[in-house]
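Participant: The structure follows.
FYI, it's all coordinate maths here, none of it is from the lab. Note that the structure is predicted; figures quoted are calculated from it, not measured. We place every Cβ from the backbone using ideal geometry, glycine too, and count neighbours over all the protein chains shown.
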Amino acid sequence: MSDQMYMKLALENAKAMLGQTGANPIVGCVLVKESRVVGIGSHLKEGGPHAEIHALQMAGEHAKGSTAYVTLEPCSHTGKTGPCADALVKAGVKKVVVASLDPNPKVAGNGIKRLKDAGVLVEVGLLEEDATKLNEVFNFAIVQKRPFVTLKAAVSLDGKIATKTTHSKWITSPPAREDVHRLRSEHQGIIVGIETVLKDNPSLTARIPNGRNPVRIIVDSQMRIPLDCNVVNDGEAPIYLFTSAAPAHRAKEAALKEKGVHIFYTTNQEKVDVDEMLATLFSKGITSTLLEAGGTLNAAFLEQQHVQKCIIYIAPKLIGGRDARSFFEGIGIETMDQAIPLEWAESSVIGPDLKIVAYPQYE
Ligand code: AOF
Ligand code: ZN
């Protein structure tokens, strides 16, 4: 097998853990000695051993003199676990092939340096693009100290998310909606506005086999959330309610807290400040969020450049109506040079619908 094939194997091992490593990156490691794989490992969960440690444990004494293929630069710091670079050196690994560097300021090249200083051969950059893409969420969040935001919308071919009477069940097909549940399962948090809660009384859970429910983050400036709505009562996942409401709502606050809702006040008295909310979410360990909001809240995110990725499902239907809502409203722009440019990344067909993935290209 070639170097590339071993690294592909390491990448596959990383990829399988998408959505289960919390704020940590997904990482795979393969140890090879004399043309035989002697150890394989993935980072399974935040707080647990890193990929290299699992692979070293599997290899045992065979790690000595082996080559390690790691999708991310081995760490050099002591966080919840010890430095992987030192563990590789201690086990006598002869060469380390790394796909991409770790942008975590606590690591950022130090892992490579430690290995080299200890006399280990190091190569960096094999399948780098694939590895970087795999950790797009981690790479963004660890540097920006904000969660990566993926905006999801289901629209008709004429770009509407509802009819003029706000009816919207359903625009896209069951397979496309199932894909959304998979997306929810891969994110730590799902963000909606209070309008969505009032109108749809949704559950915001990942209803697929083995789905993991994201934290339900609700933007509710005036604390209008009904005490009897589904999310507040179903106990399926935590609720983070962001509000700018003044102390006038203390009685309701107590009732919500009683039901286990976590309430966060933002400094602005009128409207929840998106950037402040995202900073708070990051401080709570949330690095990946799915924004499933309507046109107003989406606009607040987009106008402040807080959307990193768009996933749009397009149904082969025409809705029409001047007053039918779309997924990006707000005040709008004057001229085309002010439009947010995006880069197409993927397009596919799901049942009768199209799925488009695109990345906003901010200045
Ligand atoms: C690796 N291999 O498998 C992972 C790494 O709190 P800790 O100790 O788990 O450290 C988390 C940091 O370690 C994380 O932010 C990232 O920089 C790195 N993750 N490094 O060598 C791994 N998961
Ligand atoms: Zn590590």
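Participant: How big is the dipole moment of the range 236-363 about its Cα centre under a simple scheme where the beta carbon of each Lys and Arg is +1, that of each Asp and Glu is -1, and everything else is neutral? Debye, nearest 20, please.
Facilitator: Using Cβ point charges on Lys, Arg, Asp and Glu, the range 236-363 gives about 560 debye.
Participant: Here's a follow-up. Where the centre of each part is set by its Cα atoms, how far does the range 253-292 sit from the range 1-42, in angstrom?
Facilitator: Here the answer is 36 Å between Cα centres.
Participant: Something else: Which one of H62, I40, G22 is farthest out on the positive end of the charge dipole of the range 3-139, using unit charges on Cβ (Lys, Arg +1; Asp, Glu -1) and the Cα centre as origin?
Facilitator: H62
Participant: Once the Cα gyration tensor of the chain is found, what semi-axes does its equivalent ellipsoid get, as square roots of 5 times the eigenvalues, in whole Å, sorted largest first?
Facilitator: Over the Cα atoms of the chain, the ellipsoid semi-axes are 42, 23, 19 Å.
Participant: Additional query: Could you compute Rg(Cα) / (2.2 N^0.38 Å) for the range 3-139, with N its residue count?
Facilitator: 0.91
Participant: What fraction of the DSSP beta bridges in the chain is antiparallel, stated in percent and rounded to the nearest 5?
Facilitator: Details: 24 of 60 bridges.
About 40 percent, rounded to the nearest 5.
Participant: Long-range amide H contacts for I263: which residues qualify at under 5 Å (H placed 1.01 Å from N, peptide plane, sequence gap of 5 or more or a different chain)?
Facilitator: Answer set, sorted by chain and number: L241.
Participant: If we sort 15-28, 344-357 on the protection proxy, mean other Cβ atoms within 10 Å, highest first, what's the order?
Facilitator: Packing proxy ranking, top to bottom: 15-28, 344-357.
Participant: Moving on to the next point. If packing is taken as the mean number of other Cβ atoms within 10 Å per residue, what is the order of 333-339, 295-301, highest first?
Facilitator: 295-301, 333-339
Participant: Of the cross-linked pairs K94/K309; K252/K317; K199/K271; K45/K160; K164/K259; K15/K113, which ones have a Cα-Cα span greater than 30 Å in the structure shown?
Facilitator: The pairs that break the limit, which is 30 Å between Cα atoms, are K94/K309; K252/K317; K45/K160; K164/K259.
Participant: Please work out the Cα center distance from the range 152-168 to the range 315-363, rounded to the nearest Å.
Facilitator: 12
Participant: Determine the equivalent ellipsoid of the range 306-363 by diagonalising the alpha-carbon gyration tensor, then write out the semi-axes as square roots of 5 times the eigenvalues, largest first, rounded to whole Å.
Facilitator: Details: eigenvalues 96, 73, 15 Å².
Whole-Å semi-axes of the equivalent ellipsoid: 22, 19, 9.
Participant: Charges at C-beta only: +1 for Lys and Arg, -1 for Asp and Glu. How large is the resulting dipole of the chain about its Cα centre, in Debye rounded to 20?
Facilitator: That gives a dipole near 840 debye.
Participant: Return the ratio Rg/(2.2 N^0.38 Å) for the range 100-185, where Rg is computed over Cα atoms only.
Facilitator: Rg over 2.2 N^0.38 Å, computed on Cα atoms: 1.76.
Participant: With r as the distance between the Cβ atoms of D323 and E129 and R0 = 51 Å, compute the FRET efficiency 1/(1 + (r/R0)^6) and round to 0.05.
Facilitator: After rounding to 0.05, the efficiency reads 0.70.
Participant: Dipole size in debye (nearest 20) for the range 1-131 around its Cα centre, Lys and Arg Cβ +1, Asp and Glu Cβ -1?
Facilitator: With Lys and Arg at +1 and Asp and Glu at -1, about 340 debye.
Participant: Of all the C-alpha pairs in the range 146-360, what % are more than 25 Å from each other?
Facilitator: Working: 8722 of 23005 pairs.
Roughly 38 percent, once rounded to a whole number.
Participant: Can you tell which of G294, A279, N210 lies farthest toward the positive end of the dipole of the chain, using +1 and -1 charges on the Cβ of basic and acidic side chains (Lys, Arg; Asp, Glu)?
Facilitator: Projecting each Cα onto the dipole axis, the largest value belongs to N210.
Participant: Considering only DSSP beta bridges whose two residues both sit in the range 3-139, what percent are antiparallel, to the nearest 5?
Facilitator: 55
Participant: Now, a different point. When the chain is treated as a GNM, springs tying every alpha-carbon pair under 10 Å, which of L151, L44, L227 comes out with the largest mean-square fluctuation?
Facilitator: L227
Participant: Sort the range 76-226 into rounded, prolate or oblate with this rule: let a ≥ b ≥ c be the square roots of the eigenvalues of the Cα gyration tensor; rounded if a/c is under 1.5, and if a/c is not under 1.5, prolate when a/b is larger than b/c, oblate otherwise.
Facilitator: In terms of gyration-tensor shape, prolate.
Participant: Can you pull the semi-axes for the range 170-286, root of five times each eigenvalue of the Cα gyration tensor, sorted largest first, whole Å?
Facilitator: On the way: eigenvalues 127, 48, 36 Å².
Gyration-tensor ellipsoid for the range 170-286: 25, 16, 13 Å.
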